[in-house]
Amino acid sequence: MLSESAVAKSASAMEHAQAVANLDYLYQNATYGWAKEDRNSDTNIRAVHRLFAPMQTQNEDGIRVVKLTTKELGEKDGNRIYSVEAVKIEKECSTSIWVAANLKHDGLESISTPYAEHVESLAKAVQTYNDEPYPMRNEPEVMVHFQREMSLKLKNSRARSVWVDHSEDG
């Protein structure tokens, strides 16, 4: 999670470190995106799961979408969070195109992925929040509104703890 290539996938090294440091909170508040096969067809990996969570940054950039990748392993090995990316969705980027690009990268079609709309809702909410002028974003009622709206939109799409082994071994 802290390799050079992992950090390079995030908007900045600082935001990547922030995401890693808050991994437990991000995972608990993540929206399930989709599952795919392991790119190397490793028989020890049942599936690779993508989850997405909002993260408030420590600078004027607002909120990032954090993409969590988990690997579902065999029963004896448990499951693992494999990578974390703090992603900046550019203002000019359509959220549906952003989701479609992520699906395509994973070799999936949005039509075959029932939870993709939840990821797009998250991305739209983050983008809308980030479009507010910076001083306005920091007003308590704006943040409360964002959090309330996110919890309503994503209420039924929370990641389930079965994807990560919380035992002391895992």
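Which one is modelled with the highest pLDDT among residues in segment 117-139 that are in contact with a helix residue (DSSP H, G or I) (Cβ under 7 Å, 6 or more places away or on another chain) and farther than 16 Å from Ala53 by Cβ? Only one residue fits best here, namely Glu132. Remark: Ala6 matches the filter, which requires a residue to be aliphatic (A, V, I, L, M), in a helix (DSSP H, G or I) and at pLDDT below 90.
Going residue by residue through segment 19-28, is there one that turns out to be modelled with pLDDT under 90, of a type outside the set (D, E, K, R), within 12 Å of Leu68 (Cα to Cα) and under 12 Å from the mean Cα position of the chain (by Cα)? Yes, segment 19-28 contains a residue that is modelled with pLDDT under 90, of a type outside the set (D, E, K, R), within 12 Å of Leu68 (Cα to Cα) and under 12 Å from the mean Cα position of the chain (by Cα).
Residues of segment 53-79 being over 16 Å from Glu132 (Cα atoms) and polar (S, T, N, Q), which ones? Once the filter is applied, which keeps residues that are over 16 Å from Glu132 (Cα atoms) and polar (S, T, N, Q), segment 53-79 yields Gln58, Thr69, Thr70, Asn79. Of all residues in segment 10-25, those that are crowded, with 16+ Cβ neighbours inside 10 Å have Cβ atoms under 6 Å from Cβ atoms of residues that are of a type in the set (S, T, N, Q), 6 or more apart or on another chain, in Glu15/Thr57; His16/Ser10. Within segment 63-78, does at least one residue satisfy the condition of being among the polar types (S, T, N, Q), buried (at least 21 other Cβ atoms within 10 Å of the Cβ) and within 16 Å of the chain's Cα centre (by Cα)? The answer is yes; a qualifying residue exists. Would you check if there is a residue in segment 73-80 being modelled with pLDDT of 90 or more and not in a helix (DSSP H, G or I)? Taking every residue of segment 73-80 in turn, none turns out to be modelled with pLDDT of 90 or more and not in a helix (DSSP H, G or I).
When Tyr32 is tested against (1) under 20 Å from Thr95 (Cα atoms); (2) part of a loop (DSSP other than H, G, I, E, B); (3) of a type in the set (Ser, Thr, Tyr), just one condition goes unmet, and that condition is (2).
The values are calculated or read from the model by the stated rules, or taken from the named source; none is laboratory data. Only a predicted model underlies this, so the values are computations on that prediction, with no experimental measurement involved. For neighbour counting, all protein chains shown are included, and Cβ atoms are generated from backbone atoms with ideal geometry for every residue, glycine included.
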